[in-house]
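First comes the structure, then the notes that go with it.
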Ligand code: ATP
Ligand code: MG
């Protein structure tokens, strides 16, 4: 048995000893009495009785040994700024921030909603909340007012923290008017709004008596010191809403101690980031990846973390590689969407930089197609590790763990069940386990490991109903993702359970069809959805973005290309999976986190209402889809 398989097995069969060891990676103000309280399934309480604090573990405990080391490096290609904060400076900033919000009456258990661009103050605010034991809820900056308002009403924050504006590709997005509107729409608006005025919005107008100016308060609290509030391990650290790709967002609630331990341990075993090194995660603080691996994870590990504000292609497609080279990043974390964007650019941009510091590139968030995986792997010449997780889990479910055993990457697979996860692959609702090579729904036998959501904010019943009711008679957490395992134990994700379509009695994952179509050399991106069909039940329909548009510029060449794509599907999956049509567009509808809005695509294809689109990246994509469907 391999070293990793052993490690994983121990995490399940010798759970208490395993996690006691991992828990030593963080500081405890008071040691825990019990590793796990699972007396009320599926609610798990990790490290019962222990007291700790995320901010202490991310900052204070490093001061003695690495006070002068950069903790946070802010790089903005939007404002052309680069600013580095040592651990000591970060400590000062966060204390100041904590004093400012404490003066507004924010304390233990109070919610604070953040609607922030990628600026250092976003991280300061999160860490300041953690210091005070307040529960932050970061809402992706730039979300529509209505999305922000529903999250306000769910979390009922005492304070909202925002900035005058965010920037994207040189274009300003004025946040304050969006916040004003959200507060107008909300039933439970916060009393105060703390604004970091960047001076971008020239028409910025504070609401008297409600809006507070950060710069002014920062002067008042310049040298403030705020003691850490020690929390019981299972007290909430934050709420974060899921992307909403498949419906109404759920308020994922995270604990404190379990989360800190999970992150600390993943930094070691999965990401292989060493104290003093640099981690570059290209996500946004509005997403779970930003929480875990821009802010808390790397700081808990004593690393330097990079907070990047800007696009991957501005000033040119070499910018991320320049950052890696300049800061000698050893760990990089990005998304398949971003890599596909870069893949369309000239590869010469990558060759320009010395990327030899990099040990691994991790990707997550959506399926990583094999051609993209190969491309980036060949270009970087370091292991590119696809790993799979959810907002709900806070850290990976499936991954390779190069810290335990060198990575043997298999294209198209996010690897093995991560330690702590008792992962099952279930054939059907009866809960029967799938054998190797048989498709099934990925489920986790509870208790969920440390770091995972502890409940849905304010709604324990919804937690159980949503996640633990997929397999009647069995208490199992459903990921709502569909997968298959090969003989070596590598798991492949086939798509979301609601993306599995039924073609004349055959169950086919739309992801599998997409993967097949990606093999065609002229395909940049593709989305496949199932459309109701009177004869066959459902039929796959493909929307494709081509690399070279000159190959589809006449009706004849377009038809030829469509035929070729269908032939690829026939040869890889069989004619049963062949799309009824391949429609060409130049843009696919995605969420701002880069996830395909399949549900909306399918609705449009069936002539229905596309649903809640407040999280869409570019509404123009919908017009294209409508146009293509008319043809
Ligand atoms: P909602 O749950 O509100 O519909 P969402 O599922 O898109 O939104 P996230 O938690 O951000 O919200 O995304 C998790 C999902 O993303 C997973 O369940 C899976 O479908 C997909 N995913 C994440 N990583 C991978 C990966 N490496 N390969 C394939 N799919 C992935
Ligand atoms: Mg989800």
| field | Qualifying positions in segment 301-327 - within 18 Å of residue 129 (Cβ to Cβ) and either modelled with pLDDT under 95 or surrounded by 24 or more Cβ atoms within 10 Å (Cβ to Cβ) (or both) | value | 305
| query | Can you find even one residue in segment 237-251 that is surrounded by fewer than 19 Cβ atoms within 10 Å (Cβ to Cβ), in contact with a helix residue (DSSP H, G or I) (Cβ under 6 Å, 6 or more places away or on another chain) and closer than 22 Å to residue 302 by Cα? | reply | no
| request: Return the residue satisfying two criteria in turn: it lies in segment 356-373 and is more than 20 Å from residue 596 (Cβ to Cβ) and touching a strand residue (DSSP E or B) at 6+ places or on another chain (Cβ under 9 Å), and of such residues it is farthest from ligand 1 (Cβ to nearest atom). | output: 357
| So residue 36 clears everything in (1) farther than 30 Å from residue 304 by Cβ; (2) surrounded by 22 or more Cβ atoms within 10 Å (Cβ to Cβ) except one condition, right? Which one? | (2)
| query | Which of the residues belonging to segment 469-486 are on the phi < 0 side of the Ramachandran plot and out of contact with any strand residue (DSSP E or B) (no Cβ under 6 Å at 6 or more places or on another chain)? | reply | 469, 471, 472, 474, 475, 486
| task | Please indicate, with yes or no, whether at least one residue in segment 340-349 is modelled with pLDDT of 95 or more and buried (at least 22 other Cβ atoms within 10 Å of the Cβ). | result | no
| request: Could you list, in sequence order, all residues of segment 593-610 that are in a loop (DSSP other than H, G, I, E, B), more than 15 Å from ligand 2 (Cβ to nearest atom) and touching a residue at least 60 places away in the same chain (Cβ under 8 Å)? | output: 606
| query | What number of residues within segment 416-430 satisfy the criterion of being buried (at least 17 other Cβ atoms within 10 Å of the Cβ) and out of contact with any helix residue (DSSP H, G or I) (no Cβ under 9 Å at 6 or more places or on another chain)? | reply | 4
| said: List the strands (runs of 3 or more DSSP E) inside segment 478-532, counting only whole elements, that have at least 3 residues being at pLDDT 90 or above and either within 16 Å of ligand 1 (Cβ to nearest atom) or under 21 Å from residue 416 (Cβ atoms) (or both). | reply: 491-496
| query | Pick from segment 155-203 the residues that are in a helix (DSSP H, G or I) and out of contact with any strand residue (DSSP E or B) (no Cβ under 7 Å at 6 or more places or on another chain): which of them is surrounded by the most Cβ atoms within 10 Å (Cβ to Cβ)? | reply | 182
| Members of segment 454-511 found to be without any contact (Cβ under 8 Å) to a residue 40 or more places away in the chain, surrounded by fewer than 16 Cβ atoms within 10 Å (Cβ to Cβ) and closer than 30 Å to residue 542 by Cβ, listed by number | 502, 505
| field | Single condition residue 499 does not satisfy, out of (1) under 24 Å from residue 552 (Cα atoms); (2) within 15 Å of ligand 2 (Cβ to nearest atom) | value | (1)
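The values are calculated or read from the model by the stated rules, or taken from the named source; none is laboratory data. None of the values given here were measured: they were computed from a predicted structure. Virtual Cβ from ideal backbone geometry, glycine too; neighbours counted across all protein chains shown.
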